[in-house]
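> Here it is, the structure in full.
Every number here is computed from the coordinates shown, using simple stated rules; none is lab data. In this text, all values refer to a predicted model and were calculated from it rather than measured experimentally. Backbone-built Cβ (ideal geometry, glycine too); neighbour counts: all protein chains shown.
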Amino acid sequence: MDGEPDEVEGETFDEPEAPTVGEPEPAPHQDDGLDLARAMARGAARSTPPAKGKKKRRDLRTPRGRVSGAHPDERDPQLLDATLGRLVADHGWGLDLRVHGVFGRWAELVGDEVADHCTPESFADGKLVVRTDSTAWATQLKLLAPTVVRRLNEELGHGTVALIEVLGPHLPTWKKGLRSARDGRGPRDTYG
């Protein structure tokens, strides 16, 4: 046993070497096996080759070349008005919103007396459809149409409303029923 390896049934065991100067003394063995697991993990980490071809992920929170600071940017909380304005502009809803705004302010734009007897129904391709409550008001609105078109274009933008189609009141039909007359001219009442 004087420096010779021990032999037990065909196996040889070397005696542990004494630590050299400058190396820390190994910690004593613990019964829970934690030191052995740590040593195995360190050895496995050293034996694994570094991954090739893996790209480092960029931090998506801060774009390159930009630093966070005291100046406002798109990451700051935004006002609701600015956010909704950007949404409307992105989807092209600007004209539709302005037209529906005109529908909501109809009395303010055409006057209370006209608004009491006429209501806007739809707007498409530069044509505004307006329904009146009597044939007399339908005639009156046809006479006022150029003035109304000019006023609406001031609100919506030049050339937005090109034509106003005026519809009379919803009337009963006399084509069928007890009072129908075949090949007749029908009633000539103005209903209002």
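> Is the stretch 74-170 rounded, prolate or oblate when judged by the Cα gyration tensor, a ≥ b ≥ c being the square roots of its eigenvalues, rounded requiring a/c under 1.5 and prolate requiring a/b larger than b/c?
Note, shape of the stretch 74-170 comes out prolate.
> Calculate, for residue 115 and residue 91, the FRET efficiency according to 1/(1 + (r/R0)^6) with r their C-beta to C-beta distance and R0 35 Å; round to the nearest 0.05.
For residue 115 and residue 91, the calculated efficiency is 0.70.
> What's the center-to-center distance, using Cα atoms, between the stretch 134-149 and the stretch 84-129 in Å?
Comparing the Cα centres of the stretch 134-149 and the stretch 84-129, I get a distance of 18 Å.
> Once phi is turned into θ = phi - 60°, what whole-Hz ³J(HN,Hα) does the Karplus curve with 6.51, -1.76 and 1.60 give for every residue of the stretch 121-131, x standing for Gly and Pro?
Whole-Hz 3J(HN,Hα) from phi for the stretch 121-131: 9, 7, 9, 7, 6, x, 10, 9, 9, 10, 9.
> Modelled label-to-label distance, residue 155 and residue 82, 7 Å Cα→beta-carbon offset: nm?
Placing both labels 7 Å beyond Cα along the Cβ direction yields 3.0 nm.
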